[in-house]
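Reviewing the structure listed below.
The values are calculated or read from the model by the stated rules, or taken from the named source; none is laboratory data. In this text the structure is predicted, and so the values were computed from the model without any measurement. Positions of Cβ are backbone-derived with ideal geometry, glycine not excepted, and every protein chain shown enters the neighbour counts. Each accessible area value is taken on the protein alone, full model and side chains, heavy atoms only, with ligands, DNA and RNA left out. Shrake-Rupley method; radii C 1.70, N 1.55, O 1.52, S 1.80 Å.
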Amino acid sequence: MTFFTENELGIAVIGGLAITLTLVFFMTRRTSDSLGAFAAAVAATIGLLAIEWFVQTDREQVAAAVHGIYAAIDRNDVDGVLAYVSPTATDIRSDVQTLMPMVKVESAGSGRNVEVTLNESASPMTATSTSRAFLNGTHVQSGHPVPYVNQRVDLEWMKLGDQWLLTGYTAYYDGKPIDAVNSARTNRAVP
């Protein structure tokens, strides 16, 4: 079922092929049955694309939360970031409140490719996202630039109600996990 709710390109390709084949069939036969088959292929393709567009799966919700948290970081919005953090994740809340004032962010985000692994057997459901992140900012205390470009960030999520909330994270620098708070404090990667 996730093929129809997470794969618009696959739906478009298969639908396009079905539409093309039924159109060719209609053009050669010119019967009401062939016209009906063509109309059904068009309607099915549009219907499946509409389902894919409007139905947001858990995997897509996690990816949207990843992009949302990076957008809040890009805006230097501490409260916006905290809105994505679980109330029970006190260490992360403390890290956000400590880290964000240390760096004036000029731009931040992640690439389009966010890999999400769901653990549907957990109660409540959990997920892990992996993406390549970038952050361009200025270290407030020293005035030095803070380049964090194309680095891996793993985020751990838990679904509470209808919302995915951050419960853990691991930031990497050149493939090695770092202590994000001390790295920002000293403006260099600290393992």
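Within the stretch 109-133, restricting attention to residues that are more than 16 Å from residue 59 (Cα to Cα) and modelled with pLDDT of 90 or more, the residue that is surrounded by the most Cβ atoms within 10 Å (Cβ to Cβ) is 133. Residues in the stretch 135-145 that are open to solvent by 20 Å² or more (accessible area, probe 1.4 Å), in contact (Cβ under 8 Å) with a residue 24 or more places away in the chain and part of a strand (DSSP E or B): 3 in all. Just one of the listed residues (16, 80) is more than 20 Å from residue 128 (Cβ to Cβ) and not assigned by the TED database to the domain that holds residue 169, namely 16. For residue 130, are the conditions met, namely being β-branched (Val, Ile, Thr), part of a strand (DSSP E or B) and touching a helix residue (DSSP H, G or I) at 6+ places or on another chain (Cβ under 9 Å)? So residue 130 does not fit the description; no. Would you call residue 66 in contact with a His (Cβ under 6 Å, 6 or more places away or on another chain) and either in the same structural domain as residue 179 (by the TED database) or in a helix (DSSP H, G or I) (or both)? In short, no. Looking across the stretch 52-91, the residues that are in contact with a helix residue (DSSP H, G or I) (Cβ under 6 Å, 6 or more places away or on another chain), within 24 Å of residue 13 (Cα to Cα) and either of a type outside the set (Val, Ile, Thr) or open to solvent by 60 Å² or more (accessible area, probe 1.4 Å) (or both) come down to 52, 55.
Please determine whether any residue of the stretch 160-181 is over 23 Å from residue 87 (Cα atoms), touching a residue at least 24 places away in the same chain (Cβ under 8 Å) and open to solvent by 30 Å² or more (accessible area, probe 1.4 Å). Yes: one or more hits.
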